[in-house]
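Enquirer: Following this message is one structure expressed as structure tokens.
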Amino acid sequence: MGIWDKLKGEFVDIIEWTDSSTDTMVYRFERHGNEIKYGAKLTVRESQVAVFVDEGQFADVFVPGMYTLETSNMPILSTLKGWKHGFNSPFKSEVYFVNTKRFNDQKWGTMNPIMMRDADFGMVRVRAFGSFSLRVKDAKLFLQEVVGTNWQYTTEEITTQIRNYIVSGFAEAISETQMPVLDLYSKYDDMGKSLTALMSPKIEALGLELIDLMIENVSVPPEVEQAIDTRSKMGAVGNLDNYMKYQAADAMVKGAENPGGVGGVGAQMAAGMMMGQQMGNMMNQQPQQSAPAAGGAPPPMGGTPPPPVPTGPQVHIAVNGQQYGPYTMDQLSQYVKEGRVQADTMVWMEGMASWMPASATEGVKQLFGDSTTPPPAPPLQ
């Protein structure tokens, strides 16, 4: 090998970068101390930008294409080097390849809950997470503000900062919109667009562009979720009074299907008492005619008369741990005949210190007949 061939090997004549990774944003071309040859070939592939830096100063920027490095296509570097009449000798310059493709599926999320004021639940803690995409919009600005002199820069080194921006913006967006928690679940797309518009100025100041910011989930603490579920159940039930009537009727049907079961008798008794109580409440809720004023005329004839005022002792009943009543003695007598109230049924009336079995309660035990009559005499031996 001649001397000229040896010197020629010290010069770089092909400058290019093929990216085999999926997260490299910036790569500085390695020259290993070699100088760039006059007329060297520069190849910039799609989704790349090549930036020349001379002694710390930004020079020419090359978009995708193939170039022969000459004075004509390197005006800034020619000015910095003082090449007024062209050049034909090697030169030194740093070459940074900037990846301008989209970096997709970058994750973000709240490390700690965000406190917000909700119209329905008061102060609640909210967590959120999602994904976003980004790409380099201004190569020079990105090198200047973020990369610096690093020979290689990956998405991992910038996404943490962007995640912090997004979480901070999410808290601000929540407070500005004052959207109830129940509405957040149906507004993910709108919230994502609003958050993108809010974050874009901060991200663009780094030379980057924020794309497809998405909110994938907003969650609340378990106790708030239970409250939401309870409210949904109440909405599904609708009229609570009608629901209770349906439950009572359903219990009666099931009890009739299994009359010999232990739970069947209790279910029938409880359902019957419940329906009787509801019917009594409905009768008590009928409109009453107002009493005439002093010296006025009595109410007109032919109207619906009010129900009779209850007289006598009022009895409360406990069945399967549930309290029913109060009932008049006439009602209680009918329940005894139907078998709904039995001798061991616990009852209570005004003046009693505690609940007692019906068969041991004065005024009630008579409804079960005279238990003092002796049995028939035994037959003669």
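Enquirer: Could you check the stretch 310-369 and list, in sequence order, the residues that are farther than 19 Å from residue 248 by Cα, in contact (Cβ under 8 Å) with a residue 24 or more places away in the chain and among the β-branched types (Val, Ile, Thr)?
Expert: Listed by number, the residues that qualify are 315, 336, 345, 347, 364.
Enquirer: How many residues, within the stretch 120-153, are in a strand (DSSP E or B) and under 20 Å from residue 44 (Cβ atoms)?
Expert: Result for the stretch 120-153: 4.
Enquirer: For the stretch 92-106, how many residues are assigned to a strand (DSSP E or B) and over 20 Å from residue 146 (Cα atoms)?
Expert: Qualifying residue count, the stretch 92-106: 1.
Enquirer: Do we have residue 219 as within 11 Å of the chain's Cα centre (by Cα), surrounded by fewer than 13 Cβ atoms within 10 Å (Cβ to Cβ), farther than 13 Å from residue 108 by Cβ and of a type in the set (Gly, Ala, Ser) here?
Expert: So residue 219 does not fit the description; no.
Enquirer: Hey, does the stretch 82-92 have a residue that's surrounded by 15 or more Cβ atoms within 10 Å (Cβ to Cβ), in contact with a strand residue (DSSP E or B) (Cβ under 8 Å, 6 or more places away or on another chain) and of a type in the set (Lys, Arg)?
Expert: No, the conditions are met nowhere in the stretch 82-92.
Enquirer: Surrounded by 14 or more Cβ atoms within 10 Å (Cβ to Cβ), closer than 24 Å to residue 159 by Cβ and among the hydrophobic types (A, V, I, L, M, F, W, C), is that true of residue 61?
Expert: Answer is no for this residue.
Enquirer: Something else about it: Filter the stretch 7-57 down to the residues that are surrounded by 15 or more Cβ atoms within 10 Å (Cβ to Cβ) and of a type in the set (Ser, Thr, Tyr), then identify the one that is modelled with the lowest pLDDT.
Expert: Selected residue: 38.
Enquirer: A follow-up question, please. Give the residues of the stretch 62-112 that are hydroxyl-bearing (Ser, Thr, Tyr) and touching a residue at least 12 places away in the same chain (Cβ under 8 Å), sorted by residue number.
Expert: 67, 68, 71, 89, 93, 96, 100, 110
Enquirer: Please find, within the stretch 172-189, the residue that is farthest from residue 123 (Cα to Cα) out of those that are free of Cβ contacts under 8 Å to residues at least 60 places away in the same chain, in a helix (DSSP H, G or I) and within 15 Å of the chain's Cα centre (by Cα).
Expert: Result: 189.
Enquirer: Restrict the check to the stretch 108-119 and report whether at least one residue is loosely packed, with under 15 Cβ neighbours inside 10 Å and either assigned to a strand (DSSP E or B) or not assigned by TED's automatic domain parsing to the domain that holds residue 221 (or both).
Expert: yes
The values are calculated or read from the model by the stated rules, or taken from the named source; none is laboratory data. What you see is a predicted model; the values in this text were computed from it and never measured. So basically every Cβ, Gly included, is an ideal-geometry build from the backbone, and we count neighbours across all protein chains shown.
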